[in-house]
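J.: Structure below; questions to follow.
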Amino acid sequence: MLRGILGGTFDPPHLAHLVAGEAAYRELGLDVVTFLPAGRPWQKAGLEVSTAAHRWAMTSRAVEGVGYFEADDREVGRDGWTYTADTVGTFPEADDLVLILGADAAAGLPSWQRPGVVLRRARLAVMARPGVERATVEAAVGEVHWLDTPLLDISGTLLRARHRAGLSIRFLVPGAVLDYIESAGLYTNG
């Protein structure tokens, strides 16, 4: 099994996540792209993050209808902080893993818990992000596959701020995700 893993807080999952997954699937001939919402993301300690249940529900909705995308709850159900080094070890050894990251996350990978474990277990496919140079990423993690995608300046932080300000996020998140955000009352001022 050639498996792409696209993890993150997914607060909310948005079109840049889906574009990265699609590009990796097509360019690398992946069998599946597994979207893994972090249960308790250690890099967000001290920051306001939606509950794991909300982020899981949004991620599940984001990938609906795409036969080669799947949502996986193995991190959501884990106690304590969730670390990619632990997660990659939960997949069968026979799976050839490709970790799909934005350039900002890839450049920061050396600061993760046990980055060597991650880099030994998975190859990296990286989506360019505004303000992050390819040389910076490659100096941090070595050779990667650069995904052929448009430069998308979309982030969960931006989307949450827009929604709180009463601005539209339609077409920046899948319709089912927007419906969930609105019905659950997420990202509001009160």
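J.: Is one or more of the residues making up region 5-16 out of contact with any helix residue (DSSP H, G or I) (no Cβ under 8 Å at 6 or more places or on another chain) and assigned to a strand (DSSP E or B)?
T.: no
J.: Scan region 27-46 and give yes if some residue there is in contact (Cβ under 8 Å) with a residue 60 or more places away in the chain, within 21 Å of ARG3 (Cα to Cα) and in a helix (DSSP H, G or I), otherwise no.
T.: Looking for residues that are in contact (Cβ under 8 Å) with a residue 60 or more places away in the chain, within 21 Å of ARG3 (Cα to Cα) and in a helix (DSSP H, G or I), one finds at least one in region 27-46, hence yes.
J.: Considering only residues that are part of a loop (DSSP other than H, G, I, E, B), closer than 25 Å to LEU101 by Cβ and of a type in the set (Gly, Ala, Ser), which ones fall in region 152-188?
T.: SER155
J.: If you check VAL76 against the conditions, is it assigned to a loop (DSSP other than H, G, I, E, B), under 14 Å from the mean Cα position of the chain (by Cα) and on the phi < 0 side of the Ramachandran plot?
T.: Values: assigned to a loop (DSSP other than H, G, I, E, B): yes; under 14 Å from the mean Cα position of the chain (by Cα): yes; on the phi < 0 side of the Ramachandran plot: yes.
Against the criterion (assigned to a loop (DSSP other than H, G, I, E, B), under 14 Å from the mean Cα position of the chain (by Cα) and on the phi < 0 side of the Ramachandran plot), VAL76 qualifies.
J.: Based on this model, can you work out whether ALA53 counts as at pLDDT 85 or above, over 18 Å from GLU22 (Cβ atoms) and crowded, with 21+ Cβ neighbours inside 10 Å?
T.: So ALA53 does not fit the description; no.
J.: Being in contact with a helix residue (DSSP H, G or I) (Cβ under 8 Å, 6 or more places away or on another chain) and not in a helix (DSSP H, G or I) is the filter here, so list the residues in region 97-124 that pass it. I'd like the intermediate steps shown before the answer.
T.: Of region 97-124, the ones in contact with a helix residue (DSSP H, G or I) (Cβ under 8 Å, 6 or more places away or on another chain) are 97-103, 106-110, 112-115, 117-119, 121-122, 124.
Matches in region 97-124: LEU97, VAL98, LEU99, ILE100, LEU101, GLY102, TRP112, GLN113, ARG114, ALA122, LEU124.
The values are calculated or read from the model by the stated rules, or taken from the named source; none is laboratory data. Remember, predicted model here, so these are calculated numbers, not experimental data. No Cβ is skipped: glycine too gets one built from the backbone with ideal geometry, and neighbour counts run over all protein chains shown.
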